[in-house]
Amino acid sequence: MFEEVAELSDCTIVVVEDSPLTQKVLCACLEDICKIVAFESAEKALDYIRLALPDLILMDWMLDGITGIDACKELQKDPITAQIPVMFVTSNIKENQQEMCWDAGAVDFISKPIVARTLFNRAITHLKYKKQADQLREYSYVDGLTGAFNRRLFDSDLEKHFRGAKRASSHLSLVMIDVDYFKRYNDEYGHLQGDDVLKTFALVTQRHIRRPMDALYRYGGEEFAILLPNTPNGAAMEIARRITQCFLDEKIEHKHSPFEYVTVSAGVATYESNTKIHELKDLIDTADSALYDAKTAGRNRVCG
Ligand code: GH3
Ligand code: MG
Ligand code: MG
Ligand code: MG
Ligand code: MG
C-alpha cells in the first residue's frame, strides 16, 4: 500500500467543502497521499481547477452559491476538465440524489460521517485510474522514438487548426522537414545511430518551438511536420531556417553528404497568404512541393 501511495505523491486533490470542520477532517484523511488544496466555495474551486487541472475532486453536495452538482456539470462541459474524477461528499444521500450525482458526471460518492480508511482507499483507487488514463492518453499521441507528437495527433490537430484559421481568417503555417541523404547515413553508420539522429533533430527543434500552440510531429520515417497557428509565412520561414541551421550546428558527421554533416530540408506553406490554398489538402500539397523544391535545389535549405 505504501509504495502505491508514494507513486501518487505528485498528484493534487481539490476539496470543496464549506464546513470548516468537515474540510479539516477530509484533508486530514488524505494528506498522506498527496497535495491537497481546499476551497469553501465552488466558484473559487472552479477557477483553480481550470488552471491547475488536479487529479481528483472531492465535492460537497450542499454549498452556498454554485452547488456541487452544478459545479460538476460545469466541469463536464470542457473535455479537459471532464477528465478529472469528481467524488461527492454527502450526508444521508437519498436515492434520487444519488441519481443526480451520476447524471452530473461523478465517478463516486462517500457519505458522512466520513470513515477515514474508506475515503483514503477510494481516493487512492481514483487517483491510480486517473494516472493510468493520463499515461495511456500520452502514449497514444507521442512518438516513442523521438518524443515528438505522432502522425495520429498531427492529422487531428491539422484539421482543428485549419478549421480555426478559416473561421478566424488567420494564418496557419505548416513546415515539412525531411532529413537529407538519410538512407546513405543508415547504410554507413547503422540504423541505431540513425535513430539517434532523429532524436537529436527532435530535441534541437523543440528548443525553437516555444508557444504552447506550436508543435512538432513525426510525420513518418525521417520526415517531421511543424504546425504554427497564427503565424504568417515570413515568420514560419524564419523558424524553419533557424531549425535547419541549428541542426547543422550539431555537426553530426555524414561522410556521404556534400555538406559533411547531417542536414535537413524544409518546405513551408501558409493558409491565408497563399491564394491557392483553400482546403486542408492544398496546405499539405503546397508544403510537400516546397520541400521537393528544397531537395531539388540542393538540400540543406528552406523553400516556401
Ligand atoms: P533525401 O535527401 O532525398 O531525403 O534522401 P533520403 O535518403 O533521406 O531519402 P529516402 O526516402 O531514400 O530514405 C529515407 C531513409 O530513412 C530510409 C529509411 O530506412 C530511413 N528511416 C525511416 N525511418 C527511420 C527510423 O525510424 N530510423 C532510422 N534509423 N532510419 C529510418
Ligand atoms: Mg456543505
Ligand atoms: Mg526521400
Ligand atoms: Mg530524406
Ligand atoms: Mg523522406
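Rule-based calculations on the coordinates, nothing more; no lab input. Here the structure is a predicted model, which is why all the values come from computation and not from measurement. Please note: Cβ atoms are built from the backbone with ideal geometry, for glycine as well, and neighbour counts cover all protein chains shown.
Which numbered condition trips up Tyr292, out of (1) within 16 Å of ligand 3 (Cβ to nearest atom); (2) free of Cβ contacts under 8 Å to residues at least 60 places away in the same chain; (3) over 30 Å from Ser169 (Cα atoms); (4) assigned to a helix (DSSP H, G or I)?
Every condition holds for Tyr292 apart from (3).
Would you check which residues across the range 165-190 are within 26 Å of the chain's Cα centre (by Cα), within 16 Å of ligand 1 (Cβ to nearest atom) and over 18 Å from Asp214 (Cα atoms) and list them?
Answer for the range 165-190, where residues must be within 26 Å of the chain's Cα centre (by Cα), within 16 Å of ligand 1 (Cβ to nearest atom) and over 18 Å from Asp214 (Cα atoms): Asp178, Val179.
Would you check if Asp10 is more than 16 Å from ligand 5 (Cβ to nearest atom), out of contact with any Leu (no Cβ under 6 Å at 6 or more places or on another chain), under 17 Å from Ile114 (Cα atoms) and assigned to a loop (DSSP other than H, G, I, E, B)?
no
A quick yes/no check of all residues on (1) over 19 Å from Val268 (Cα atoms); (2) of a type in the set (Lys, Arg); (3) within 16 Å of ligand 3 (Cβ to nearest atom); (4) not in a helix (DSSP H, G or I):
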position	(1), (2), (3), (4)
Glu138	yes, no, no, no
Asp157	no, no, no, no
Met176	no, no, yes, yes
Leu192	yes, no, no, no
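May I ask you to list the residues in the range 37-61 that are buried (at least 24 other Cβ atoms within 10 Å of the Cβ), aliphatic (A, V, I, L, M) and not in a helix (DSSP H, G or I)?
Leu56, Ile57, Leu58, Met59
Could you list all residues from the range 27-79 that are among the acidic types (Asp, Glu) and more than 25 Å from Thr118 (Cα to Cα)?
Once the filter is applied, which keeps residues that are among the acidic types (Asp, Glu) and more than 25 Å from Thr118 (Cα to Cα), the range 27-79 yields Glu43, Asp47, Asp64, Asp70, Glu74, Asp78.
Condition first: buried (at least 20 other Cβ atoms within 10 Å of the Cβ) and either assigned to a helix (DSSP H, G or I) or of a type in the set (S, T, N, Q) (or both). Now tell me which residues in the range 66-86 satisfy that.
Gly68, Ile69, Ala71, Cys72, Leu75
Within the range 184-202, which residues are farther than 22 Å from Ala287 by Cα and either within 13 Å of ligand 5 (Cβ to nearest atom) or not acidic (Asp, Glu) (or both)? If you could, list the steps in order and put the result at the bottom.
First, pick out the residues of the range 184-202 that are farther than 22 Å from Ala287 by Cα: 184-197, 199-200.
Of everything in the range 184-202, those that are farther than 22 Å from Ala287 by Cα and either within 13 Å of ligand 5 (Cβ to nearest atom) or not acidic (Asp, Glu) (or both) turn out to be Arg184, Tyr185, Asn186, Tyr189, Gly190, His191, Leu192, Gln193, Gly194, Val197, Lys199, Thr200.
Quick check: anything in the range 205-224 more than 15 Å from ligand 5 (Cβ to nearest atom), within 17 Å of Glu253 (Cα to Cα) and part of a helix (DSSP H, G or I)?
no
Can you tell me which of Ala240, Ala236, Ala294, Ala290 is at negative phi, touching a Leu at 6+ places or on another chain (Cβ under 8 Å) and buried (at least 18 other Cβ atoms within 10 Å of the Cβ)? Working first, answer last.
On the way: Ala240 fails: touching a Leu at 6+ places or on another chain (Cβ under 8 Å); Ala294 fails: touching a Leu at 6+ places or on another chain (Cβ under 8 Å); Ala290 fails: touching a Leu at 6+ places or on another chain (Cβ under 8 Å).
When all the criteria are applied, what remains is Ala236.
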